Amino acid sequence: MKGILKKIGLLSLLIVIAFAAFKAYSLVPLKNLELKPKTYDAIYRIERAQSLVGRFYYDPSRIHPLKMLEEGMNNLAGKIPELLVDFSGHNLTLSLGNSHETIHIKTLKSLYDILDSVSQAFSFLQKNYKGDVDSENREYAFIEGMLKPLDPHSNLFTPEDFREFKTQTEGEYGGIGIVVGTRDDELTVIAPLPDTPASEAGLETDDKITQIDQRSTINMPINEAVDLLRGNINSKVTLTIQRKNKEPFDVMLTRRKIIIQSIDSKVVKLDSKRLGILAVRSFQEDTYKDALKALKNMAHEGSLNGLVIDLRNNPGGLLDQCLALADKFLNKGDLLYTAGANNEDEQVNPATYDHDDLTDIPIIVLVNGGSASASEIVAGALQNNNRALVMGTQSFGKGSVQSVFTLKDDASVKLTIYQYLTPGHVSIQAVGITPDVWLESIHLEKDAFDLKADKRISENMLEEHLENSKYIQKSDPAYFMDYFEAAKPENTSEYTTKIDEDKDYPLKLALDILSKTHSINRQNMLTEALSLLDEEKTKQQKQIIENLKSFDIDWSKKEKNQNPVSFKHDSGFYVSTPENKVSTLKAGNEVTWNLSLQNTSKNSSEQVLVVVNAENPLLDQREFVFGRINSLETRKAQITFKIPENMVSLDEEVKLDIFSANIEMTTLTVPVTMQAKEHPLFVAWFHMEDGQNPDSQGNKNGIVDPGETIKLGVDLTNDSNAEAKNVTVNWRNLEGAKVKLVKGRDSLGELAPHQTKQAAGLIEVPATTLQPSIKVEMSAVDRPSFASFFSTLTIPLGPKPTASFSPALNTVQKQPIITITQTKISSDRTSFHVKGETSDDQSLKDLMIFLGTKKVFYRSSNHNTSLQFDMDIPLNKGLNVISVQARDENLLTQTKILSIMGPPKN
């Protein structure tokens with residue numbers, strides 16, 4: 001594979017965008033690390049984690065001990081409901097029920113210095129906490145929070161996470177080769193992968209998997225189903241399949257090693273040229289080998305005259321694989337630089353010469369916002385060595401390298417240890433690869449215009465993202481063009497998508513350019529492509545103009561020299577009819593937003609477009625398209641949208657950014673008020689039958705005995721004045737193979753205020769069951785409003801049960817009620833006052849208030865039926881989400897969400 005793979009050395013490390021599915025890490029066991037002597041036995045994992053951070057983290061300036069201590073303790077409090085932590089000055093105060101402790105935080109010169117405070121906090125928990133979160137998971141919770149301030153890619157793997165990570169990355173597991181998901185609440189085959197047991201057995205997209213080895217998949221979590229489908233190579237698994245208009249049937253499959261193909265290829269003949277397409281979906285263990293095979297196959301009937309390397313939506317993967325691929329097309333220059341802490345400890349990976357190098361044909365690389373990490377290395381190496389023309393949109397911008405270090409019991413931490421630089425010492429971290437030719441797709445549908453590039457999800461949008469200002473070189477594309485793209489068909493899958501240049505404009509344009517160019521030099525290719533690009537740009541502009549004409553919008557640009565213009569505006573919201581203007585937008589309504597602009601100047605304005613800039617994602621990036629507005633003319637535009645039933649109340653000053661061909665962007669502000677609606681509140685009454693009706697089988701004694709099939713029923717009442725429009729009741733087996741869920745779903749449809757409907761699950765208890773009780777979960781959800789009711793039921797077993805039903809049968813089960821009586825926001829929007837009460841018909845357990853994920857209030861009820869709260873909450877900039885959560889003694893939970901705008905972000 002050329003000398004490049006032997007020269008990478010330490011750089012065979014993790015390059016992933018997040019939790020990638022490819023082997024891309026170096027695993028460093030504890031025995032190879034010279035760490036400080038263990039002195040904190042009770043927090044062994046935390047001690048090791050902080051030591052690893054101190055020794056190996058890329059940027060010591062980002063290690064802020066106090067902030068990491070705060071985040072660790074706040075994350076721990078999020079896992080333990082009863083725990084409240086407060087940092088004030090140099091003190092950390094812990095409250096757990098009626099127990100409190102204040103810990104003085106000593107001067108923190110290094111991360112190691114937090115261990116005294118952490119040790120005291122964990123000792124307090126060991127003495128006072130009696131809940132379900134054990135000491136091991138308490139440590140994991142702290143470490144998870146402690147790593148958050150470093151960067152988005154440094155995080156914790158619990159033993160379960162790490163085993164899954166290794167399974168996905170190493171590929172050493174047996175599978176049947178299907179992609180599964182949940183559709184209509186049923187485990188469904190999304191796509192059988194080619195050349196796998198699933199495809200060879202004839203499984204089809206949309207097949208429903210009702211049982212796996214006789215275990216019902218009703219309401220089974222997707223991760224549990226995946227675990228059951230996997231297994232040792234050569235082991236067998238039997239699936240029960242329900243296919244549309246067919247009787248259920250069983251399929252026995254033999255598991256084998258499943259390899260997800262990361263390479264797809266195709267040859268296109270155009271203008272007497274043979275042009276290759278190499279689509280690289282990810283960089284995994286065999287990507288380079290598969291790419292060589294694809295290149296060889298494409299050249300089998302004749303040499304290639306050009307190549308498109310498609311890296312769109314490639315999230316990254318193995319570093320050695322991406323470097324080897326880039327090196328295939330270069331015989332000189334550098335591929336990659338890596339920089340350690342403070343941009344020191346620099347290493348370089350040069351291109352190497354090989355007589356099989358493919359250096360004599362033109363190359364175009366396609367990228368977009370989904371191209372990250374390893375794919376950006378390839379694009380950057382070829383672009384900065386002037387070997388390839390890059391086309392598309394800005395890539396994601398992940399330019400960091402991670403390594404995985406083991407802790408204990410298969411737990412591990414993933415830490416950023418380097419940043420990488422493309423040739424020329426250019427950092428793409430939080431910037432990305434800028435294409436030479438920027439191709440922006442334009443979508444034109446009623447109420448869904450998309451003429452302006454939306455905010456793209458990228459590295460710089462992630463909290464605590466890294467930056468390397470020394471090496472950032474922001475650049476502009478050499479050429480920019482819009483192209484018209486029709487609506488994408490529904491029900492497409494990345495696993496079934498094939499290369500189709502006729503329906504893929506960027507790919508088609510790349511092929512057209514390659515058919516006209518002869519140069520292998522990037523700048524020369526661009527020069528040779530300019531006439532074709534100009535021609536295509538004109539064609540696409542005409543197509544966009546013609547399509548907008550159907551909406552009575554003149555998007556033509558007629559005047560070369562235009563003078564500045566100014567506008568007056570009028571904005572209004574309407575419900576049902578054009579006359580019904582409203583000032584408050586209520587959840588569940590369909591709203592038409594009318595915006596009119598009057599050109600108050602003596603000059604016409606062309607290509608006028610208004611883009612909504614809002615914190616509310618329902619409104620953000622929506623577009624009002626006006627086109628040409630003549631002097632003194634008023635034009636109107638509108639968008640229509642449905643406000644979700646579960647929309648929360650929110651007041652926001654929404655910005656309207658006005659763009660046109662002859663003015664700089666100007667901004668208007670419009671107040672928008674969203675109002676939540678009352679949600680349904682459910683009440684449940686549980687009952688059980690063991691033979692009293694044909695569905696159940698038993699001795700009718702009201703006791704659940706092994707060998708019986710019981711009917712567990714619920715009378716569900718909508719105890720509110722709000723209609724529930726689409727209620728589904730699900731039962732979930734929490735015992736795995738120990739019991740069988742025969743029936744677990746009822747669709748109740750509408751549930752009017754104070755109406756009651758019945759639902760039931762059938763549970764088969766094997767005769768061999770020896771345990772004293774079983775647990776099942778019942779959930780009722782109104783899909784439009786997200787109103788829900790969850791309860792875990794403990795069912796005693798045996799002729800002489802040692803436990804009792806919990807919650808008790810034939811008794812009313814109600815969720816707590818939360819009432820907000822007063823709210824007030826400070827004039828500078830830095831503080832929010834909230835006052836209210838929660839109550840329960842039997843006994844409350846506690847009340848919690850969260851700001852985002854941070855718990856800011858906790859109070860135990862001491863078995864009272866009501867609790868009051870009255871507090872000021874400091875607000876962050878932008879949108880703040882405040883959650884008030886109450887639990888009763890049966891852990892029935894009610895949550896009320898408040899959305900508040902804090903100080904402006906800018």
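Couple of notes before you dig in:
- Beta bridges per DSSP, both residues in the chain: antiparallel share near 85 percent.
- Couplings for the stretch 274-284, taken from phi via the Karplus curve 6.51 cos²θ - 1.76 cosθ + 1.60 with θ = phi - 60°, read 9, 10, x, 10, 10, 8, 10, 7, 6, 10, 10 Hz in order; Gly and Pro are left as x.
- The stretch 533-596: trypsin sites (Lys or Arg not before Pro) in DSSP coil with no more than 16 other Cβ atoms inside 10 Å: K557, K558, K560
- Sparsely packed GluC sites (Glu not before Pro) within the stretch 134-231, loop by DSSP, other Cβ within 10 Å at most 16: E172, E204
- Matching label, log10 I(q)/I(0) by the Debye sum over Cα atoms at q = 0.04, 0.05, 0.08 Å⁻¹ computed from the structure shown, candidates [x] -0.23, -0.36, -0.98; [y] -0.19, -0.30, -0.78; [z] -0.21, -0.33, -0.86: [x]
- The chain - charge dipole about Cα centre, Lys and Arg +1 at Cβ, Asp and Glu -1, debye rounded to 20: 700
- Here the stretch 352-442 has 45 percent of its accessible surface on carbon and sulfur atoms, given a 1.4 Å probe and all protein chains in place.
- Taking 0.36 nm per residue of separation and subtracting the current Cα-Cα distance, fully stretching the chain between T802 and N223 would add 205.1 nm.
- Each of A49, S216, P766 was placed along the dipole of the chain (beta-carbon charges, centred on the mean Cα), and the one lying farthest toward the positive end is A49.
- Helical contribution to [θ] at 222 nm, DSSP H n ≥ 4, -39,500 (n - 2.57), averaged over the chain, rounded to 500: -5500 deg cm²/dmol
- Under 19 Å from the Cα of K877 - aspartates and glutamates, other chains or at least 8 residues apart: E71, E463, E464, E615, D620, D651, E652, E653, D828
- Whole-Å distance, taken between Cα centres, linking the stretch 746-781 and the stretch 408-450: 46
- Restricting the trypsin sites (Lys or Arg not before Pro) of the stretch 794-835 to loop positions (DSSP other than H, G, I, E, B) with no more than 13 neighbouring Cβ atoms within 10 Å leaves nothing.
- Of the cross-linked pairs K558/K581; K677/K855; K127/K854; K289/K498; K537/K568, those separated by over 29 Å at the C-alpha level are K558/K581; K537/K568.
- Degrees separating the helix 65-79 axis from the principal Cα axis of the chain, which is the longest one: 50
- Within the stretch 799-814, backbone nitrogen closer than 18 Å to the virtual label 7 Å beyond the Cα of N699 toward Cβ: 799-803
- Cross-link pairs beyond the 32 Å C-alpha cut-off, checked among K642/K824; K79/K109; K332/K539; K130/K738; K446/K835: K332/K539; K446/K835
- The distance between label points at E633 and D841 comes to 6.4 nm (points 7 Å beyond Cα on the Cα→Cβ vector).
- T823-D552 FRET efficiency (beta carbon distance; Förster radius 30 Å; 0.05 resolution): 0.10
- The chain: angle of helix 374-384 to the longest principal axis, Cα-based, in degrees nearest 10: 20
- Accessible surface of the stretch 172-259, 1.4 Å probe, proportion on carbon and sulfur as whole %: 46
- Total charge dipole magnitude, the stretch 817-902, about the Cα centre, Cβ charges on Lys, Arg, Asp, Glu only, Debye to nearest 20: 420
- Surface share of carbon and sulfur [accessible, 1.4 angstrom probe, percent] for the stretch 817-902: 46
- Between I63 and Q347, the FRET efficiency estimated from the beta carbon spacing at R0 = 22 angstrom works out to 0.45.
- Virtual paramagnetic centre 7 Å along Cα→Cβ of T792, amide N under 16 Å, in the stretch 66-83: 79-82
- Stretchable slack from T811 to I499, in nm (0.36 nm times residue separation minus alpha-carbon distance): 106.3 nm
- Distance from the alpha carbon centroid of the stretch 259-295 to that of the stretch 350-387 works out to 14 angstrom.
- Cβ-derived FRET efficiency at R0 51 Å, A453 paired with N331, nearest 0.05: 0.85
- The stretch 267-537 - accessible surface per residue (Å², probe 1.4 Å): 40
- Spacing of the two label points (7 Å from each Cα toward its C-beta) at Q126 and K408, in nm: 1.1
- Linear extension gain, Q868 paired with D715, 0.36 nm per residue minus alpha-carbon span: 52.0 nm
- Q758 versus N906: modelled label distance in nm, points set 7 Å from Cα along the beta carbon direction: 6.1
- Computed from Cα positions, the angle between helix 135-147 and the longest principal axis of the chain comes to roughly 30 degrees.
The values are calculated or read from the model by the stated rules, or taken from the named source; none is laboratory data. Bear in mind the structure is a predicted one, so any value in this text is a computation, not a measurement. Positions of Cβ are backbone-derived with ideal geometry, glycine not excepted, and every protein chain shown enters the neighbour counts. Heavy atoms of the whole protein, side chains included, go into the accessibility calculation; ligands, DNA and RNA do not. Shrake-Rupley method; radii C 1.70, N 1.55, O 1.52, S 1.80 Å.
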